[in-house]
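Have a look at the structure below before the remarks.
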Amino acid sequence: MQLEVKPKGHTVFVYIKGEIDLQETERLRQEVDRYIDHHGMDHLVFDLTQVNFIDSSGVGGIIGRYRKMKDIGGKMSIVGAKPTVEKVLIFSGIQKIIPLYQTEKDRIKAEK
Amino acid sequence: MNVNEKDFRVKNQIRLTIQSRAENVAFVRACTAAFASQMDYTLEEIDEIRLAVSEAVSNSIIHGYKNDPYSQVELYITLWENGGIEIVVEDHGCGIADLKQAMEPTFSTEPGRMGLGFAFMQSFMDQVEVKSRVGQGTTVILKRKVRQPVESKN
Ligand SMILES: Nc1ncnc2c1ncn2[C@@H]1O[C@H](COP(=O)(O)OP(=O)(O)O)[C@@H](O)[C@H]1O
Ligand SMILES: [Mg+2]
């Protein structure tokens, strides 16, 4: 998994590439939490465009970051999940608490 | 040999033993996907098989062995002549006291986990069998048939 954290204004984008499983979730947790703790932010966006696998450990990791954002009064969105990844996210019920968007354009339009 | 006997013939089989380390789960997934590709599965089906095996092996590592990296998870993967895959994931870890409860969606003994591993295995495979004994370990058997190609209606 490759991970890139990029702030744009008060929104922070996390670009993930590869697979989000047990091993990678731990890294995701550490790197994103460190960023949140040091910089704070209003809005966290996970860009999953280049993710080709996620399992329940990965979903748990994403929900953990959502809880952290909620604790500091921020919000979170997910962008670009491919059908195989989206299927797992929807099965988990994650869309009930974190909005899912096909593209970044869709997100901007919906969250304006 | 009659048709029935032929159906239950092994087409191919591999056995894999891994140290119980989180970094090995990706290897098991890749290995399982490559092996399953010898059958006529669609890419979507392969993805679902990858997910199920990932859940079972992760469980052995985290729950069965409590993240002790020097234990071993064993896998036996069989491709059947009649068009199916069987994946046996076995650990000799702590075992599960209440299987019924463990398999309920959203039940987890670990804070911060989803409790959806068994639910994923059950929805993405045709059959999931779990045998477990406290203090002895857990065996998960995952089965998935190759779907017959759908006839196109003209
Ligand atoms: N191989 C195993 N050894 C011991 N306990 C297990 C094993 N697999 C699953 N369990 C138990 O079953 C519970 C549910 O598993 P699962 O549905 O995968 O959810 P999760 O992994 O998120 O806890 C686990 O929390 C654990 O208590
Ligand atoms: Mg699990």
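The values are calculated or read from the model by the stated rules, or taken from the named source; none is laboratory data. What you are looking at is a predicted structure, and each value in this text was computed from that prediction instead of being measured. Neighbour counts are summed over all protein chains in view; Cβ atoms, including those assigned to glycine, are modelled from backbone coordinates with ideal geometry. Just the protein is used for accessible areas: all its heavy atoms, side chains included, with ligands, DNA and RNA removed. Shrake-Rupley method; radii C 1.70, N 1.55, O 1.52, S 1.80 Å.
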Only one residue in A:Ile78, A:Ile54, A:Ile98, A:Ile94 is facing another protein chain (nearest Cβ under 9 Å), buried (at least 18 other Cβ atoms within 10 Å of the Cβ), under 13 Å from the mean Cα position of the chain (by Cα) and in contact (Cβ under 8 Å) with a residue 24 or more places away in the chain. Which one?
A:Ile54
Residues located in the stretch B:36-68, provided they are more than 10 Å from chain A (Cβ to nearest Cβ) and basic (Lys, Arg)
B:Lys66
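Every residue, every condition in (1) free of Cβ contacts under 8 Å to residues at least 60 places away in the same chain; (2) closer than 20 Å to A:Phe53 by Cα; (3) near ligand 1 (Cβ under 8 Å from one of its atoms), yes or no:
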site: B:Asn59; (1), (2), (3): no, yes, yes
site: B:Ile62; (1), (2), (3): yes, yes, yes
site: B:Glu81; (1), (2), (3): no, no, no
site: B:Gly84; (1), (2), (3): no, no, no
site: B:Phe118; (1), (2), (3): no, yes, yes
site: B:Met125; (1), (2), (3): no, yes, no
Those residues of the stretch A:43-62 which are in a strand (DSSP E or B), within 28 Å of B:Glu55 (Cα to Cα) and not charged (D, E, K, R) amount to A:Leu44, A:Val45, A:Phe46, A:Leu48, A:Thr49, A:Gln50, A:Val51, A:Asn52, A:Phe53, A:Ile54
Over the stretch A:1-42, the set of residues open to solvent by 60 Å² or more (accessible area, probe 1.4 Å), within 14 Å of another protein chain (Cβ to nearest Cβ) and assigned to a helix (DSSP H, G or I) is A:Gln23, A:Glu26, A:Arg27, A:Arg29, A:Gln30
